[in-house]
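Where a number appears in this text, it was derived from the coordinates with a stated rule and is not lab data. Predicted, not measured: the structure shown is a model, and the values here were computed from it. Don't worry about glycine lacking a Cβ; one is built from the backbone with ideal geometry, like all the others, and counts go over all protein chains shown.
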Amino acid sequence: MDWRDNTEQAAFRAEVRTLIESRLPGRYRAMAEAGGPGERQWEFDRKSPDAAARASAIEWHGALAERGWVAPHWPKEYGGGGLTPMEQFVLNQELARAAAPPVGGSGVGLLGPTLIIHGTPEQKAKYLPPILAGEATWAQGYSEPGSGSDLASLQTRAVRDGDDFVLNGQKIWTSGAPTADALFALVRTDPQAPKHRGISFLLIDDIKTPGITIRPLTDMGGRHYFNEVFFQDVRVPARNLVGEENRGWYVGMTLLDFERSNIGGAVGARRKLHELLEVVRANPVLRNRVNSSPVRQEIAQRYIETEVMYQFSLRVISMQNRGQVPNDEASMSKLYNSELSQRLAQTAMQAIGMLGNLLEGSDESFARSYIGTVPATIRGGTSEVQRNVIATRGLGLPRG
């Protein structure tokens, strides 16, 4: 199969590279050279007390907005880029290659597509423009303690009281909550209904609404972007209901972001492996150690696996480009990438030896990557869930 760009794709790729070369702020270039920006870097910079960080966030958002690339998968009629699946693939590939941070957060990736399909005209007019303009970022309130992989068992209650819903309960793993302006959430509005029914989708358009408490969850590497969110008698206007009451499960599962190839993960794995090789080659002690140990073969195996991951991405995008909707194929890509990220981090730690104990210094990215990959097979759908999807939808096996 020939994966080379055709004439149109090559021209679009050149346009993306030109934008990155000319407009990516120096702050993000420096981060790329040091191993890449952190999780939700643009969102943190947008609310940073550091004026230079805020300026970089504004500058990069503006560069993408000029071409409609803040939301490349949104239709043009709503201010998006209206890009084809292959154009989205090329754009995401080049952004990942440059380690350029995505902008817009969950508002662009999740809420916007959901509102485009299920929102009222008033909701679209009110919420979509600020998301595109970078004026409002949203956090996602889905997971709860005990309701992660089995999300439909969520228990946060919303009781109708006149023109409002009154919320009580807890969400967890809420990424970016401290820097978000608002939060969208799945809540239970009919506790007597079967668990996939009786759930509604609500917009809490001010995260500082009385009764909301955010508590940070700091990971093993000392980073903070996960949070707990507590609701105590939080009043949300009933007009903020998206779709039908008690039908929020189907609203919340909307995935209009058609670019599901995970090319960012494939490019990131390649980049991390190349970083490891550069560190090893530049250090005679590490080079001799690796060349005389089984780690050399481990690195070779990781190289093969990064190429396999790239093929998974190309398979998915080729399906999308033919108008097909990947299902178990996307689960295969996610499963393989998350487990590859853990294997790659473990190999890097073996290669650099005792330097892997350091969280600061030139090898910081490997130490932090090792720690950061611990939840890789949990977040975004556990490996067990992905295997179930592959088994039932891909192989036609019966449910257990």
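Positive contributions from Lys and Arg (+1) and negative ones from Asp and Glu (-1), summed over other residues with Cβ under 14 Å from the Cβ of V374, come out at +1.
Panel values: the range 23-171, Kirkwood radius from alpha carbon pairs, Stokes-Einstein at 20 °C and 1.002 mPa s, translational diffusion coefficient 124 µm²/s. Applying 0.36 nm per residue to the separation of K208 and R343 and subtracting their alpha-carbon distance, the gain on full extension is 44.6 nm.
Using θ = phi - 60° in the Karplus curve 6.51 cos²θ - 1.76 cosθ + 1.60, the 3J(HN,Hα) couplings for the range 76-81 round to 4, 5, 9, x, x, x Hz; x is entered for Gly and Pro.
Note on R160 and A193: their simple-model spin labels are 1.1 nm apart, each label 7 Å out from Cα toward Cβ.
Within the same chain, lysines fewer than 8 places from K124 are excluded, and of the rest, those with a Cα less than 29 Å from its Cα are K47, K76, K171, K195, K208. Between N246 and V308, the simple spin-label model (points 7 angstrom out along Cα→Cβ) gives 4.8 nm. By the count of other C-beta atoms within 10 Å, a proxy for reagent exposure, D219, D205 are ordered fewest to most as D219, D205.
Here Y127, Y250 are placed in order of increasing Cβ neighbour count within 10 Å, fewest first, which gives Y250, Y127.
What the phi angles of the range 318-324 give under the Karplus curve with 6.51, -1.76 and 1.60, with θ = phi - 60°, is a coupling list of 5, 5, 4, 5, 8, x, 8 Hz, glycine and proline written as x.
What does the charge count near A14 come to, summing +1 for each Lys or Arg and -1 for each Asp or Glu among other residues with Cβ under 10 Å from its Cβ? Its environment carries a net charge of -1. A Förster distance of 41 Å, applied to the separation of the beta-carbon atoms of E66 and S293, puts the FRET efficiency at 0.20. For the range 139-156, putting each phi into the Karplus relation 6.51 cos²θ - 1.76 cosθ + 1.60 with θ = phi - 60° gives couplings of 9, 9, x, 10, 5, 9, x, x, 9, x, 5, 9, 4, 5, 8, 4, 10, 4 Hz, in residue order, rounded to whole numbers and with x for Gly and Pro. Of the residues P375, A65, A99, the one whose Cα sits farthest toward the positive end of the charge dipole of the chain, with +1 on the Cβ of Lys and Arg and -1 on the Cβ of Asp and Glu, is P375. Placing unit charges on the Cβ atoms only, positive for Lys and Arg and negative for Asp and Glu, gives the range 263-394 a dipole magnitude near 200 debye about its Cα centre. How big, in percent, is the set of alpha carbon pairs in the chain lying more than 31 Å apart? The calculated P(r) of the chain puts 41 percent of pairs beyond 31 Å.
Residues T213, T137 in ascending order of nearby Cβ atoms (within 10 Å, fewest first): T213, T137.
Dipole check for the range 155-232: with +1 at the C-beta of Lys and Arg, -1 at the C-beta of Asp and Glu, and the Cα centre as origin, the magnitude is about 340 Debye. Other residues with beta-carbon under 9 Å from the beta-carbon of G169 carry, at +1 per Lys or Arg and -1 per Asp or Glu, a net charge of +2.
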